[in-house]
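Here's the structure, in structure tokens; my notes come after.
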């Protein structure tokens, strides 16, 4: 092994004096991972109290010059039928799971494998994490980050805050984000005044908010909204939304 002289006459092995490229890269990656983890923890914790000022989807629309409308309201300023509607339509186990509904995921995968149409198995918590922290698109990296942020908000926020953020950032029409903007756009009212029938219509357009209209629904949306309205009563009567109280 080669050596090198240093002041005072001592010598150091060359390998110790000059770290290999691989070790330098590994140290850099390790530091980057630590920084990203700490940043994500601080980011998620801050949104426990601070309302997200925007999302990547809103920013993309704004950069394109598209219309973007959002009016933030607290959960207490939203009619109770609205969270009941999205629980009934999107995530029946919202109050019971810890961010992931594995049974729903398995059912979605099985149905999709058979070529049948089925809405994805993502929970409201997963959709919130995806909308608030991540960019539009699909990739394994994005899916992994979605799982990470889902765990963080379940741990740091609690169910009421998750529902509040979800109902304020979810896209409900072309450039329409959140239930307050949707209530004004479709029904010329405020979120707190939405009727169960109106809440059901909003929930019915969520899978395809760009193609569907809550104010002038087609046959499918009307029928689906009618089913959701029945689920609202079930969620209320059986206390399925008890975690929001």
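Would you please classify the overall shape of the range 146-198 from the alpha carbon gyration tensor, given that a ≥ b ≥ c denote the square roots of the eigenvalues, rounded means a/c under 1.5, and beyond that prolate means a/b larger than b/c while oblate covers the rest?
prolate
Please state the relative contact order of the chain as a whole percent: Cα pairs under 8 Å, 6+ residues apart?
Answer for the chain is 24 percent.
Select one label from (1) 87, 40, 35; (2) 53, 44, 32; (3) 93, 45, 40: the one whose number is Cα extents along the principal axes in Å as derived from the coordinates shown.
Here Cα extents along the principal axes in Å agrees with entry (1).
Picking from 161, 24, 231, which is most flexible by a Gaussian network model of the chain using Cα springs under 10 Å?
Of 161, 24, 231, the Gaussian network model singles out 24 as fluctuating most.
Could you put 179, 86, 63 in order, starting from the residue whose Cβ has the fewest other Cβ atoms within 10 Å?
Values: 179 30, 86 27, 63 8.
If I rank by nearby Cβ atoms, fewest first, I get 63, 86, 179.
Measuring from the lowest to the highest alpha carbon on each principal axis, how far does the range 150-245 reach, largest first, in angstroms?
Projected onto the principal axes, the Cα atoms of the range 150-245 cover 39, 32, 23 Å.
Based on other C-beta atoms within 10 Å, arrange 26, 145, 167 from fewest to most.
In order of increasing Cβ crowding within 10 Å: 26, 145, 167.
Could you list 162, 50 so that the one with the fewest beta carbons within 10 Å of its beta carbon is first and the one with the most is last? Walk me through the numbers on the way to the answer.
Numbers: 162 25, 50 9.
Listed from fewest to most nearby Cβ atoms, that is 50, 162.
Laboratory data are not the source of any read-out in this text; all were calculated from the coordinates shown. Everything numeric in this text was worked out from a predicted model, so none of it was measured. Quick reminder, even Gly has a Cβ in these numbers, built from the backbone with ideal geometry, and neighbours come from all protein chains shown.
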